[in-house]
Each structure stands twice: as C-alpha cells, then as structure tokens.
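Here the structure is laid out as structure tokens; the discussion comes afterwards.
The values are calculated or read from the model by the stated rules, or taken from the named source; none is laboratory data. All values reported here derive from a predicted model rather than from experimental measurement. Reconstructed Cβ throughout: ideal geometry from the backbone, glycine too, with neighbour counts over all protein chains shown.
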Amino acid sequence: MSTEHQGQGSVPSARPRYDIADIVRRHRAELAARRHLSSGQRKVLSAIAQCRTSALGCHLDVCPKCNFERPAYNSCRNRHCPKCQVVRQEKWIAARTKRLLSVGHFHVVLTLPSDLRPLAQYAPREVLGVLFAAARELLLELGRTRFGAQLGITMVLHTWTRDLRYHPHVHAIVTAGGLALDGSKWCESSPKYLFPVQIMGQLLRGKVLEALRTLHAKGAFARFSEFEDPEGFDRLMCRLAAAKRWIVYAKRPFKCVDHIVKYLGRYTHRVGISNSRIVELTEHAVTFKTHNGKTCTITPVGFLDRFVKHVLPDGFHKIRHYGLHASAAGKARQAAQTYLVPKRIRNDAQAGSVSELLRKTVGHELGRCPHCGCRMRQEHLPSPSRN
C-alpha cells in the first residue's frame with residue numbers, strides 16, 4: 001500500500017543519489033514471480049539493469065590536445081531508460097525547432113477514460129493507437145470545419161500519473177489557426193481558445209467508440225477476460241457512451257517559438273520517473289516525489305510493478321506529427337510561414353543549438369575535455385568476456 005505525505009527538501013546534486021537500476025537488479029526476480037512479464041517488459045528491465053555497467057562494455061574518452069583520458073561505460077539507449085533520454089531529448093528539440101511555425105500554439109490534453117484502462121493494458125498497441133487516431137481526426141476535422149484550414153499538430157503519449165499509476169493521455173501542441181485549405185492565407189484562431197472543450201470531448205468519445213467496435217468485430221480483443229461474457233463488450237460501450245464528459249483540457253497559446261520549444265522538452269522523451277525523483281530507497285520501501293512537495297512510498301516490487309505498465313510495444317511511436325507539422329507537409333508549411341509575421345526563431349547560432357541545450361540541461365557540454373575544452377574522441381575497448 002502506498003502513502004503520500006509532505007516530502008522534505010533536499011539539496012540538488014549533479015548525480016542522483018539513487019538509481020532505478022538498483023531496484024531492478026535487487027527485486028526483478030520477485031516481480032517476475034508475482035506477475036507475468038511480457039518480452040518487451042523483460043527487455044526493458046534487462047537494459048536498465050545493464051545500462052552504464054561492464055555488461056555493455058566501455059570506452060575511453062580521450063582528449064587529443066592534453067591527453068586526458070576518462071573511462072566510461074556504454075549506455076543501453078533504451079527509450080524507457082531514465083538515464084538515456086536527456087541527450088536524445090535535446091537533439092530532438094533542436095531538430096523540431098526548424099519545423100515549428102512562428103505562431104502561437106495551444107496545449108491540448110486528451111485523456112482515455114478510466115473504464116478503458118484495463119483494455120489498454122491488455123491491448124496497448126490497438127487501444128493507444130485508437131487514442132492517437134481519434135485525437136488526430138477530431139483536431140484536423142475541427143480545423144477544416146471551423147477555420148477552413150489545416151492545422152499543425154505534434155502529439156506525445158504519456159501513460160502515467162506522478163505516482164506512476166496507469167493513466168493514458170495525449171499531449172498535443174496545436175497551431176493557433178492554420179493554412180487555408182486553398183493555400184491562400186493564414187486563418188487565425190481565437191486568441192483565447194482553440195475549440196470548445198465540450199465539442200472536442202464529444203468527438204473524442206464518438207471516434208474512440210467507433211474504432212473500438214471495429215477492432216472488436218475483427219477479434220482484436222477476443223481473449224480479454226472481461227469479454228468472456230458475450231455481453232461484456234456491449235456493457236463497456238454503454239458505460240463509455242453514457243459518460244457525461246470525456247476529459248479534454250486546452251491551455252491558451254504560447255506567444256513565441258522559444259516557449260514552445262521549452263515546453264515540448266518537458267514531454268517528448270520523458271519516461272515514467274527519473275532517478276532524481278527518488279528521495280529514499282531501502283530493501284522494503286521506495287519513496288519518490290510526486291507533486292506539490294508530496295511524496296509516495298511503496299514497496300520496491302510495487303514500484304517495479306507500476307513502472308513496467310508503462311513499457312510501450314516495440315515499434316510503437318509515442319511522438320507523432322500531423323497536418324503542417326508532418327514531415328510530408330514541407331511545401332504547405334513553407335507557404336504558411338510566408339503569411340505569418342516573422343518572429344525570433346532559434347537557430348544554431350542562438351541558444352537553441354544542441355551544445356547550448358545540453359549545457360543548460362546537464363550542466364556541461366557532453367564530449368568536451370573538462371580541462372582544456374577540446375572535443376574528445378571515443379576509443380572503444382574490447383567487449384567483456386562472457387566465458
């Protein structure tokens with residue numbers, strides 16, 4: 001059982017005091033004895049346990065100018081590993097900056113109802129895919145019908161709450177208006193809101209239910225325990241249809257591209273929990289920060305049980321781009337930009353460069369010699385013996 005209470009303040013440090021990998025190494029066997037782990041979950045736990053250890057080998061960072069050498073273990077590069085996301089996140093942000101239009105963007109959050117969470121855990125690829133598709137369709141549809149325009153949309157899937165409970169929802173960054181369907185002008189949205197949240201909620205419900213009925217008819221959920229009763233699926237659909245409101249949240253737009261980039265960085269490559277949020281770890285309990293100065297304390301096995309629920313299927317894309325933000329929309333995006341008032345956009349010479357972003361994020365530029373600042377080269381060492 002978990003408990004929540006006010007957490008004590010702590011002095012931040014360059015390296016977190018506790019590591020999720022330690023929890024995995026000590027308690028994975030007990031977790032596996034209590035619950036079935038999918039092949040994807042087992043793969044993620046193995047990667048986290050081995051990340052930056054001798055199991056993955058090591059290399060030397062060598063400075064060609066002053067001959068400084070620093071041994072370093074290799075990273076697992078798994079997208080669920082809390083230690084392997086910082087660099088990937090900052091490089092992604094730098095690349096996306098070039099594609100963002102110089103216009104305000106709304107932040108929209110579309111949430112899967114709690115009644116659908118068990119089905120989403122059973123068939124994550126199908127149900128989470130439905131959430132993405134429904135969110136995309138309703139936003140693009142409203143852009144066409146309300147503005148007569150094509151919007152720019154970037155979506156990021158999260159499946160967790162701050163205490164690691166399963167709570168699938170999509171964060172969408174949406175342009176405040178769009179390019180007219182005939183390409184003749186830029187159509188602005190209201191400065192206060194994008195679309196009425198009630199209408200977005202109604203459309204989300206209708207599109208999700210329609211897609212689920214199609215999947216059910218194709219047998220996608222044939223072995224789901226709650227549908228062993230022939231009327232189980234219909235009862236679920238009735239509960240979902242009768243729900244007064246499907247939760248959709250919309251925040252007023254950011255005024256400049258710099259703010260959008262910073263905001264995107266909070267959501268893109270984030271995993272369920274980072275090492276820095278763990279404030280105490282014993283053989284019997286894990287205490288980690290949640291929100292507003294509070295903490296949550298659960299058993300190590302309970303912690304891992306919550307953590308693995310957020311492992312996504314192999315090949316499932318948690319970040320997706322639609323409309324003017326899509327890769328294939330280069331010409332339309334260029335046309336849209338010609339109608340917009342030029343604004344200051346980050347470039348390689350400004351603070352948006354990868355080097356600058358990394359310095360701000362981790363306190364130093366990775367790959368530079370700590371003594372002379374020269375770019376270091378990597379010399380790979382032989383892999384560890386597996387005799």
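So which residues in region 135-163 are among the aliphatic types (A, V, I, L, M), over 21 Å from the mean Cα position of the chain (by Cα) and over 21 Å from Glu210 (Cα atoms)?
Those that are among the aliphatic types (A, V, I, L, M), over 21 Å from the mean Cα position of the chain (by Cα) and over 21 Å from Glu210 (Cα atoms): Ala149, Leu151.
Within region 209-228, can one find any residue that is assigned to a helix (DSSP H, G or I), hydrophobic (A, V, I, L, M, F, W, C) and in contact with a Leu (Cβ under 7 Å, 6 or more places away or on another chain)?
yes
Check Phe288, Phe233 and return the single one that is modelled with pLDDT of 90 or more, within 26 Å of Val311 (Cα to Cα), surrounded by fewer than 20 Cβ atoms within 10 Å (Cβ to Cβ) and of a type outside the set (Lys, Arg).
Phe233
Working only within region 321-333, note down all residues that are under 22 Å from the mean Cα position of the chain (by Cα) and modelled with pLDDT of 95 or more.
Tyr322, Gly323, Leu324, listed by residue number.
What number of residues in region 195-208 are touching a Leu at 6+ places or on another chain (Cβ under 8 Å) and either crowded, with 18+ Cβ neighbours inside 10 Å or of a type outside the set (A, V, I, L, M, F, W, C) (or both)?
Total satisfying the criteria: 7.
What do you reckon, is Val127 β-branched (Val, Ile, Thr) and modelled with pLDDT under 95?
On the way: β-branched (Val, Ile, Thr): yes; modelled with pLDDT under 95: no.
No, not satisfied.
In region 96-118, what residues are of a type in the set (S, T, N, Q) and closer than 21 Å to Tyr166 by Cα?
Result: Thr111, Ser114.
Hey, Leu101 hits all of (1) at pLDDT below 95; (2) in a strand (DSSP E or B) but one; which does it fall short on?
It fails just one condition, (2).
Being out of contact with any Phe, Trp or Tyr (no Cβ under 8 Å at 6 or more places or on another chain), surrounded by fewer than 18 Cβ atoms within 10 Å (Cβ to Cβ) and among the β-branched types (Val, Ile, Thr) is the filter here; which residues of region 42-87 pass it?
Correct list: Val86 only.
Taking region 209-230, which residues are of a type in the set (Phe, Trp, Tyr) and either out of contact with any Pro (no Cβ under 9 Å at 6 or more places or on another chain) or loosely packed, with under 13 Cβ neighbours inside 10 Å (or both)?
Passing the criteria: Phe221, Phe227.
Mind counting the residues in region 168-205 that are in a strand (DSSP E or B) and closer than 16 Å to Thr338 by Cα?
Keep residues of region 168-205 that are in a strand (DSSP E or B), which gives 168-175, 177-180, 186-188.
Cutting the leftovers down to closer than 16 Å to Thr338 by Cα gives us 175, 177-180, 186-188.
So the count comes out to 8.
Only one of these conditions is not met by Thr161: (1) β-branched (Val, Ile, Thr); (2) within 30 Å of Gly293 (Cβ to Cβ); (3) buried (at least 16 other Cβ atoms within 10 Å of the Cβ). Which number is it?
With (1) β-branched (Val, Ile, Thr); (2) within 30 Å of Gly293 (Cβ to Cβ); (3) buried (at least 16 other Cβ atoms within 10 Å of the Cβ) applied to Thr161, the lone miss is (3).
Here are some conditions: (1) surrounded by 14 or more Cβ atoms within 10 Å (Cβ to Cβ); (2) within 20 Å of the chain's Cα centre (by Cα); (3) modelled with pLDDT under 75. Cys256 meets all but one. Which one does it not meet?
Condition not satisfied by Cys256: (2).
Quick check: is even one residue across region 342-356 at pLDDT 95 or above, touching a Gly at 6+ places or on another chain (Cβ under 7 Å) and in a loop (DSSP other than H, G, I, E, B)?
No, every residue in region 342-356 fails to be at pLDDT 95 or above, touching a Gly at 6+ places or on another chain (Cβ under 7 Å) and in a loop (DSSP other than H, G, I, E, B).
Is it true that some residue in region 128-151 is closer than 30 Å to Ile278 by Cα and surrounded by fewer than 18 Cβ atoms within 10 Å (Cβ to Cβ)?
Scanning region 128-151, I find no residue that is closer than 30 Å to Ile278 by Cα and surrounded by fewer than 18 Cβ atoms within 10 Å (Cβ to Cβ), so the answer is no.
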